[in-house]
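Enquirer: One structure, as structure tokens, below. Some questions next.
The values are calculated or read from the model by the stated rules, or taken from the named source; none is laboratory data. Fair warning: this is a prediction, and the values are worked out from it, not measured in the lab. Backbone-built Cβ (ideal geometry, glycine too); neighbour counts: all protein chains shown.
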Amino acid sequence: MNAPLPPHLLSPQDTLADIDPQETAEWRDAFLALVATEGPERARFVLQELVRLARTQRVGWQPQLNTPYVNTVAAQAQPTFPGDLAIEERLASLMRWNALAMVVRANQAYGELGGHIASYASAADLFESGFNHFFRAREGVGEGQHRGDLVFFQPHSAPGVYARAFLEGHLTENDLQHYRQEITAPSAGAQGLSSYPHPWLMPDFWQFPTGSMGIGPISSIYHARFMRYLTHRNLLDCTNRKVWGVFGDGEMDEPESMSALTLAAREGLDNLVWVVNCNLQRLDGPVRGNGRIIDELERLFAGAGWNVVKLVWGSDWDGLFASDLTGALVRTLEGTVDGQMQTFAAKDGRFNRDNFFGQSPELAALAQGMTDEQIDRLKRGGHDLVKIHAAYAAAAAHKGQPTVILAHAKKGYGMGTAGQGKMTTHSQKKLDDTDLIEFRNRFNLPITDEQATSLAFYKPAEDSPEMQYLRRHRQQLGGYLPRRQTACDVLPVPPLASYAQFALQADGKEMSTTMAFVRMLGTLLKDATLGPRIVPIVADEARTFGMANLFKQVGIYSSVGQRYAPEDIGSVLSYREALDGQILEEGISEAGAIASWTAAATSYSVHGLAMLPFYIYYSMFGFQRVGDAIWAAADQRARGFLLGATSGRTTLGGEGLQHQDGTSHLVAATIPNCKAYDPAYAGEMAVIIDAGMREMVTEQRDVFYYVTLMNENYAQPDLPAGAAEGVLRGCYVFRSYQGNVDARKGLISSQNSVTLMGSGAILTEVVKAAEQLAIEGLDVTVLSVTSWSELARDGVACEQRALADEEGVDPGTPWLAAQLAATSGPVVAATDYVRAVPETVRAFIPEGRKYITLGTDGFGRSDTRAALREFFGVDASHIARVARAALR
Ligand SMILES: Cc1ncc(C[n+]2csc(CCOP(=O)(O)OP(=O)(O)O)c2C)c(N)n1
Ligand SMILES: [Mg+2]
């Protein structure tokens, strides 16, 4: 029945044979005597000395990262349970029931709605322990008030969180009836409950969007680190606050889940606790059917430097382990792989007596005193409130390291033959009458057969001991949770001219928009009020973008200061790390940097302290590389700047196919609260940054800005008077060129005007094309497009209003159409992005005007800018050629 672990999962010493048992016994006895007489500290010393000797003798000994397959907190070391166990168990049962009823009801009504029962069924006790004893809510943002813990909830266990909010009185029965029906709920006077935690959809409730596996875990690490940053920079004392994350064992397979473990350990984030619900199953089947996920995660986390607390067995196993004098029980468990353990979970007590305890006479003897029912009810650690509390308490008290609690559970716990431990349990959302009554019995729910089969929600009387207990415990922990709050300070933004005059009146000076941005940022950082709230973030590219001067100016954040003399110590650009350093240098981890940005960009809500992050990166490694994380940040209502530098497919010259971004503006346009700009000139960029800052930290709107920057140096004109509105709305008339009168006489076509539009670096090619065409006798108007997506949104909004045809509502004219109204001739648009970007505004080109788009479709490649622009057909001569052709 039990398969031993495969050899590659064993450490080298596991495979060694005992060739002299008598000698082994002597060593063993000597060691046990040492522990007994001298105590564990002395024993540890001697072991360490032996290890040192083994290493000097090159015996090839390696430490084992796995501890035995039992609880880390020994029964004797458990603190007294500080609650009323019976009440908490009843409460957990009620949460289970209401969560189950919510999902099954929704699916009875509309079979397509989906939802999950089995995950929360396995996690209910893990959630409840947190709610009753550990998760601190925000009391307020005043002096001395606790600002609350951060809790990341496993997304598909959301029904459990709704069930609790229902008992706490924050959601109504009507709301529960509209689980997964956000759109239709309001017409029934209810709040629709989103499928997963979505701050965008439930802005007063959910804080952290976790629906996409892996993003919750990495985000929780960077949020915990950001709390340290706020503390060390003396902006906000976060020392007594924690970040809790409840995640699935399957979710640990996501690269994002794992990628920042060493950062958490390196930074000593003892304000971070992960609870990994090791129910041994994911969606399709076992997480590690042929191994043990708890062992694997223990090795991984321990190796990464985390404190690991294994929560494997419930209290009723304590007696079994104590009676197991031969060690047969632990040995058998360690020889049982998860796939088998899942089968044991799915079967009844009788099966387990025969097939688990029946494996050896020693085990059979252990089970002798138990009925089949008792065997069936033997709890895994993740279902035992006392053991969970002990593990959480150990985690909360642990200093110097983040903690992971590996909680062993049964998926679909209590769903009986309908779902517990079943391969298909993840997606089960229907239960028949017998299953419902069995569930009721299993958890002693105070409901009738009729209530059970009709899936009646159950709420005890307000003055019942359960409800009083629930309220009292939450009061002691500062209030209810999750609750998303937005009260924060309003930050003033300095006048634009005070930091960007050089850009607004550039007077033809050559510079790149990246250089202009960095210069503006350097000045903004000096602003007494806003400056300290700015969070510059880089992913090992500060030098690429000419930001090295900021190292010295504001320092790089380091939780340990700088413990070395930097090689470039005498330089004005010296690499300076400091405890109160301001720059977050995330190394080569765009996933980490975007998580860091999200933490800063949501600080206004998570901490009640407005911060303003500027994350500057290679634009290719943003929406394309970590697009889902940006989507989650949008869901979390982030406010901040993303700066896609070296943007476009032809401005980056030699870097080639995997560095040249031709699509980020296309993706950015799909995110409703992202305002994306592709300015050509420093003056335009300055106006955009100014407006963005005001919108986000002064007016406090839930938008974020994506601004692309280039590294190409060219002459920067003054921002034309009155252009600011157009810059923000998406375009303005940059310049008009009168066709050369002599040349005009020679033109064959009767049409002699053309309109050119361009954005970003390609605007310079458009301008050159316009100059050429004017020499040839054409009248040319050039529109500088700063945002295709804003133009498209504005156009669509006008179109929608026109279609709605509501009385008294003026649909308005799309901004683009209005700008083009004063121009004539065919319209040619060129960008450094795929043609689909300028295509988004085709509908708003005035009727009868030809519209031709040029872009950089296809893979990028390396060559000079000139060669690339010619290759993609976005250089001046091609633009001019197309304009001429359009006139024919
Ligand atoms: C990025 C991503 N991929 C896939 C999914 C779909 N999905 C949701 S839950 C789940 C299985 C989760 O298993 P586990 O983490 O073990 O949680 P459990 O339900 O077992 O507690 C999957 C595949 C998702 N939400 N996000
Ligand atoms: Mg699982």
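Enquirer: Are there any pairs with C-beta distances below 7 angstrom linking a residue in the range 269-285 that is under 18 Å from Asp384 (Cβ atoms) to a residue that is part of a strand (DSSP E or B) and within 6 Å of ligand 1 (Cβ to nearest atom), with the two at least 6 apart or on different chains, and if so which?
Expert: Taking only residues 6 or more apart or on different chains, the pairs are Asn277/Gly248.
Enquirer: Further question on the same structure: Would you mind finding the one in Gly358, Gly335 that is at pLDDT 95 or above and small (Gly, Ala, Ser)?
Expert: Checking each option against the conditions leaves just Gly358.
Enquirer: Within the range 262-286, which residues are within 22 Å of the chain's Cα centre (by Cα), within 15 Å of ligand 1 (Cβ to nearest atom) and of a type outside the set (S, T, N, Q)?
Expert: Trp274, Val275, Val276, Cys278, Arg282, Leu283
Enquirer: Search the range 111-158 for residues being assigned to a helix (DSSP H, G or I) and among the charged types (D, E, K, R), and hand back the single one that is nearest to ligand 2 (Cβ to nearest atom).
Expert: So the residue we want is Asp125.
Enquirer: Applying the selection to the range 547-590, what residues are in a helix (DSSP H, G or I), in contact with a strand residue (DSSP E or B) (Cβ under 8 Å, 6 or more places away or on another chain) and not hydrophobic (A, V, I, L, M, F, W, C)?
Expert: Answer for the range 547-590, where residues must be in a helix (DSSP H, G or I), in contact with a strand residue (DSSP E or B) (Cβ under 8 Å, 6 or more places away or on another chain) and not hydrophobic (A, V, I, L, M, F, W, C): just Glu590.
Enquirer: Here's a follow-up. Pairs, please: C-beta under 7 Å, at least 6 apart or cross-chain, first residue within 30 Å of Ser315 (Cα to Cα) and in the range 53-77, second at pLDDT 95 or above and among the aromatic types (Phe, Trp, Tyr)?
Expert: Note: pairs meeting the criteria are Val70/Trp313; Val70/Phe321; Asn71/Trp313.
Enquirer: Being within 14 Å of ligand 2 (Cβ to nearest atom) and either closer than 30 Å to Thr262 by Cβ or among the basic types (Lys, Arg) (or both) is the filter here, so list the residues in the range 370-417 that pass it.
Expert: Arg380, Gly382, Leu406, Ala407, His408, Ala409, Lys410, Lys411, listed by residue number.
Enquirer: Now a separate question. Hey, can you tell me all the residues within the range 756-774 that are at negative phi and not in a helix (DSSP H, G or I)?
Expert: Leu756, Met757, Gly758, Ser759, Ala761, listed by residue number.
Enquirer: Select the helices (runs of 4 or more DSSP H) contained entirely in the range 615-732, then report the ones holding at least 2 residues which are in contact with a Ser or Thr (Cβ under 7 Å, 6 or more places away or on another chain).
Expert: 623-635, 664-668, 682-693
Enquirer: How about the range 237-255: which of its residues are surrounded by fewer than 18 Cβ atoms within 10 Å (Cβ to Cβ) and more than 12 Å from ligand 1 (Cβ to nearest atom)?
Expert: Once the filter is applied, which keeps residues that are surrounded by fewer than 18 Cβ atoms within 10 Å (Cβ to Cβ) and more than 12 Å from ligand 1 (Cβ to nearest atom), the range 237-255 yields Asp237, Thr239, Asn240.
Enquirer: Residues in the range 211-222: is at least one under 23 Å from Tyr557 (Cβ atoms), in a loop (DSSP other than H, G, I, E, B) and within 16 Å of ligand 1 (Cβ to nearest atom)?
Expert: No; the residues of the range 211-222 include none that is under 23 Å from Tyr557 (Cβ atoms), in a loop (DSSP other than H, G, I, E, B) and within 16 Å of ligand 1 (Cβ to nearest atom).
Enquirer: Do we have any residue at all in the range 70-93 that's in a helix (DSSP H, G or I), within 16 Å of ligand 2 (Cβ to nearest atom) and buried (at least 20 other Cβ atoms within 10 Å of the Cβ)?
Expert: no
Enquirer: Here's a check for you: in the range 198-254, which residue that is farther than 18 Å from Arg484 by Cβ and of a type in the set (D, E, K, R) is farthest from ligand 2 (Cβ to nearest atom)?
Expert: Applying the filter and picking the extreme gives Arg233.
Enquirer: Which helices (runs of 4 or more DSSP H) does the range 775-868 wholly contain that include 2 or more residues that are within 25 Å of Asn752 (Cα to Cα), over 40 Å from the mean Cα position of the chain (by Cα) and free of Cβ contacts under 8 Å to residues at least 60 places away in the same chain?
Expert: Passing ranges, in order: 815-821.
Enquirer: Also: Residue by residue through the range 266-294, note down the ones that are surrounded by fewer than 21 Cβ atoms within 10 Å (Cβ to Cβ) and part of a helix (DSSP H, G or I).
Expert: Residue satisfying the conditions is Arg266 alone.
Enquirer: Name every residue in the range 421-458 that is more than 16 Å from ligand 2 (Cβ to nearest atom), within 34 Å of the chain's Cα centre (by Cα) and either among the hydrophobic types (A, V, I, L, M, F, W, C) or closer than 30 Å to Glu139 by Cβ (or both), in order of residue number.
Expert: Passing the criteria: Leu431, Phe457.
Enquirer: Let me ask another. Can you name every residue in the range 431-442 that is among the charged types (D, E, K, R) and either under 14 Å from Ala121 (Cα atoms) or assigned to a helix (DSSP H, G or I) (or both)?
Expert: Asp433, Asp435, Glu438, Arg440, Arg442
Enquirer: Still on this model: Taking Val161, is it away from ligand 1 (no atom under 16 Å from the Cβ) and within 23 Å of the chain's Cα centre (by Cα)?
Expert: Against the criterion (away from ligand 1 (no atom under 16 Å from the Cβ) and within 23 Å of the chain's Cα centre (by Cα)), Val161 does not qualify.
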